[in-house]
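Here, each number is a calculation from the coordinates, and none is a lab measurement. As the structure is a prediction and not an experimental result, all values here were calculated from the model. Using ideal geometry, Cβ is built from the backbone for each residue, glycine included, and neighbour counts are taken over all protein chains shown.
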Amino acid sequence: MITLGHLLALSGILFAIGLVGVVTRRNVLLILLSLEILLASSNLAFVAFSRARGDLSGQIMVFFVLVVAAAEVTVGLAIAVLLARQTGKLNADEMRDLKW
Amino acid sequence: MVHPAVFYTLAGFMVVGALGVVAARVPVYAVLGLVLTLFAMSALFVCLGAFFLAAVQVLVYAGAVMVLFLFVVMLLDLAPETLLRARSRTLTAAGILLGLLFLWQAARVTIAFTLPPARAVSEVSGTTAAVGRELFTTYALPFELASVLLLVGIIGAIVLAKKKL
């Protein structure tokens with residue numbers, strides 16, 4: 001019997017893994033990828049609550065999270081391409097200033 | 001309800017894929033790890049009755065967004081991450097500590113928080129028809145605002161990436 005607790009535990013574990021990725025990876029692209037894990041794990045929590053409460057609102061919220069994630073990825077990747085073009089590398093540690 | 005064997009198999013795929021994203025040295029493998037995670041998650045969505053979201057997750061997330069990522073990774077031809085060995089070890093230790101702290105706090109909050117007593121909940125079925133009806137009635141304004149957000153994203157990406165307008 002899989003309960004709400006199981007789903008929330010899985011969501012929490014995925015979120016923790018994504019958090020570790022955001023903190024430890026230094027490549028901007030991989031930080032963006034780890035952010036996607038964070039968003040996906042919160043989506044799982046929304047769907048789990050939606051099922052537990054018998055309410056469709058949680059699933060609607062996941063739809064909006066997907067839209068925001070798509071917009072975030074397009075702009076984030078455009079900035080990453082621009083940074084790579086300007087500086088030749090994508091290391092977050094070397095980006096101390098936003099001006100060039 | 002989800003069968004435990006199905007749940008644990010999918011959960012295993014998700015965790016392995018996520019660990020792949022965090023640990024892979026080569027960026028392409030990291031992207032493929034995320035694709036695995038998202039596919040397993042959409043399979044779990046089907047088991048939970050969120051059919052529309054499962055389809056959208058595969059089409060938009062695992063399809064479009066991840067292809068975009070792969071294009072950028074291959075376009076930029078990134079060298080594997082290079083870091084000083086000592087620095088990388090400290091960073092990894094700090095990251096894992098942070099992750100464990102988060103899990104501990106989240107577990108404490110979740111255990112302390114009790115859901116209102118389970119009333120006779122009707123099974124929700126997130127079919128395209130049901131989600132669409134909700135989206136175009138109760139959530140019509142947020143839906144339109146989401147389209148504006150996507151438009152802003154498109155224009156922003158073009159303005160940023162184009163050398164000369």
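Listed residues A:LEU44, A:LEU8; which is touching a residue at least 40 places away in the same chain (Cβ under 8 Å) and within 8 Å of chain B (Cβ to nearest Cβ)? Give the derivation first.
On the way: A:LEU44 fails: touching a residue at least 40 places away in the same chain (Cβ under 8 Å).
On inspection, the qualifying residue turns out to be A:LEU8.
Just the residues that are under 19 Å from B:VAL65 (Cα atoms), within 7 Å of chain B (Cβ to nearest Cβ) and either touching a residue at least 60 places away in the same chain (Cβ under 8 Å) or of a type in the set (D, E, K, R) (or both), please, taken from the range A:11-41.
A:ASN27, A:LEU29, A:GLU36
Having 3 or more residues that are hydroxyl-bearing (Ser, Thr, Tyr) is the bar; report the helices (runs of 4 or more DSSP H) wholly within the range A:4-100 that clear it.
Filter on the range A:4-100 gives A:28-53, A:57-87.
Among the residues that make up the range A:35-57, is at least one of them of a type in the set (S, T, N, Q) and over 16 Å from the mean Cα position of the chain (by Cα)? Steps first, please.
Narrowing the range A:35-57 to residues of a type in the set (S, T, N, Q): A:41-43, A:50, A:57.
Keeping just the survivors that are over 16 Å from the mean Cα position of the chain (by Cα) gives A:50, A:57.
Yes, the range A:35-57 contains at least one residue that is of a type in the set (S, T, N, Q) and over 16 Å from the mean Cα position of the chain (by Cα).
Within the range A:45-53, can one find any residue that is within 25 Å of B:GLY153 (Cα to Cα) and charged (D, E, K, R)?
Scanning the range A:45-53 turns up no residue that is within 25 Å of B:GLY153 (Cα to Cα) and charged (D, E, K, R).
Filter the range B:122-151 down to residues that are more than 19 Å from A:GLY58 (Cβ to Cβ) and within 7 Å of chain A (Cβ to nearest Cβ) and give me whichever is surrounded by the fewest Cβ atoms within 10 Å (Cβ to Cβ).
B:LEU150
Looking at (1) in a helix (DSSP H, G or I); (2) out of contact with any Leu (no Cβ under 9 Å at 6 or more places or on another chain), which is the only condition B:ARG25 fails?
In the conditions (1) in a helix (DSSP H, G or I); (2) out of contact with any Leu (no Cβ under 9 Å at 6 or more places or on another chain), B:ARG25 misses (1) alone.
Would you tally the residues in the range A:47-86 being more than 8 Å from every other protein chain (Cβ to nearest Cβ), in contact (Cβ under 8 Å) with a residue 40 or more places away in the chain and either hydrophobic (A, V, I, L, M, F, W, C) or in contact with a Gly (Cβ under 7 Å, 6 or more places away or on another chain) (or both)?
Qualifying residue count, the range A:47-86: 2.
Can you name every residue in the range B:58-74 that is of a type outside the set (Phe, Trp, Tyr) and more than 7 Å from chain A (Cβ to nearest Cβ)?
If the condition is that a residue be of a type outside the set (Phe, Trp, Tyr) and more than 7 Å from chain A (Cβ to nearest Cβ), then B:VAL58, B:LEU59, B:ALA62, B:GLY63, B:ALA64, B:MET66, B:VAL67, B:LEU70, B:MET74 are the ones that fit.
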